[in-house]
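Computed from the coordinates by the stated procedures, all read-outs in this text should not be read as laboratory data. Here the structure is a predicted model, which is why all the values come from computation and not from measurement. When we count neighbours, we look across all protein chains shown, and the Cβ atoms used for this are built from the backbone with ideal geometry, even at glycine.
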Amino acid sequence: MPAIVRLSTQEIDAMIANIEAGGGDAEELKKHRAEVANHKWLAKHEKPLGEEDYLAEKRAQSKIEYGTDLECMICHDKFDHLISGTCEDCFRKWVLTIKRR
Ligand SMILES: [Zn+2]
């Protein structure tokens with residue numbers, strides 16, 4: 001892992017203001033600030049919320065079977081309910097694999 005100095009956007013803003021107040025060029029820092037803000041946004045909104053939302057949506061659209069001796073078509077274990085023919089674990093992996101394509 002490369003060493004990354006983790007600054008908050010507020011700290012970067014203060015540094016930009018300082019550099020510009022001193023007549024310096026803060027362009028690189030401004031780019032860095034945009035990246036930090038972007039990463040923060042992604043961390044908050046993309047994962048894992050995006051995946052959970054997607055799973056919930058797919059689950060709601062899937063046929064759920066209940067029984068006593070149902071076999072998951074992926075791992076072939078027995079379950080008391082199946083989502084689109086798969087168990088919870090396999091359904092989850094399967095849906096997330098589709099999503100990442
Ligand atoms: Zn399974």
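A few comments on the model shown:
- Within region 72-101, the set of residues being part of a strand (DSSP E or B), of a type outside the set (S, T, N, Q) and within 9 Å of the ligand (Cβ to nearest atom) comprises F79, L82.
- The set of residues in region 49-71 being exposed (fewer than 14 other Cβ atoms within 10 Å of the Cβ) and not in a strand (DSSP E or B) consists of L49, G50, E52, D53, A56, E57, A60, Q61, K63.
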